[in-house]
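Everything below concerns the one structure shown next.
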Amino acid sequence: MKALIIKKPWIDYILNGSKVWEIRGSKTNIRGQIELIQSGSGLVVGSCEIIDCKELTLEDYKNNIDKHTIQDIDSLPYKKTYAWILTNAKRYETSRRYKHPNGVIIWVNL
């Protein structure tokens with residue numbers, strides 16, 4: 001199973017359902033169920049599904065604040081900006097520890 005590392009507060013927004021676009025500077029071909037790791041915690045805290053990935057224009061980015069929850073937009077955050085489209089997010093009742101491989105910053109293979 002793949003697990004995506006996400007910082008606070010963004011992981012909380014995903015898990016409470018208010019954030020359905022994860023904004024990244026690279027696209028992903030991964031689809032389906034993934035687990036979510038809270039950055040810096042050593043814990044797998046939930047799961048979701050990635051159902052799509054789309055490159056964003058500045059207009060897309062500005063017009064979809066309700067999907068990504070980022071405020072005060074003047075420009076795209078990356079040269080090429082992508083929305084990883086998420087659904088069915090759920091927080092686990094009990095988080096579990098995992099062993100973090102050295103150098104890993106985006107994906108962990110669990």
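Please go through segment 7-110 and write out the trypsin sites (Lys or Arg not before Pro) that DSSP classes as loop and that have at most 16 other C-beta atoms within 10 Å.
Loop-located and lightly packed - 7, 27, 31, 79, 80, 99.
For the chain, state the semi-axes of the equivalent ellipsoid (square roots of 5 times the eigenvalues of the alpha-carbon gyration tensor), sorted largest first and rounded to whole angstrom.
24, 15, 13
Can you tell me the relative contact order of segment 2-96? Whole percent, Cα pairs under 8 Å, sequence separation 6 or more.
About 39 percent, as a whole number.
Which residue, 86, 56, 36, tops the fluctuation ranking in a GNM of the chain built on C-alpha contacts under 10 Å?
In the Gaussian network model the winner is 56.
Give, in whole angstrom and from largest to smallest, the semi-axes √(5λ) of the equivalent ellipsoid of segment 7-70, with λ running over the eigenvalues of the Cα gyration tensor.
The answer is 21, 14, 10 Å, longest axis first.
Taking only DSSP H segments of four or more residues, each worth -39500 (n - 2.57), what value at 222 nm results for the chain once the sum is divided by all its residues, to the nearest 500 deg cm²/dmol?
That comes out to -3000 deg cm²/dmol.
Going by amide H atoms built from the backbone, whose H comes under 5 Å of the H on residue 98, apart from near neighbours?
For residue 98, whose amide H was placed from the backbone, the distant partners under 5 Å are 44.
We did not get these values from a lab; they are worked out from the coordinates using the rules stated. Everything numeric in this text was worked out from a predicted model, so none of it was measured. When we count neighbours, we look across all protein chains shown, and the Cβ atoms used for this are built from the backbone with ideal geometry, even at glycine.
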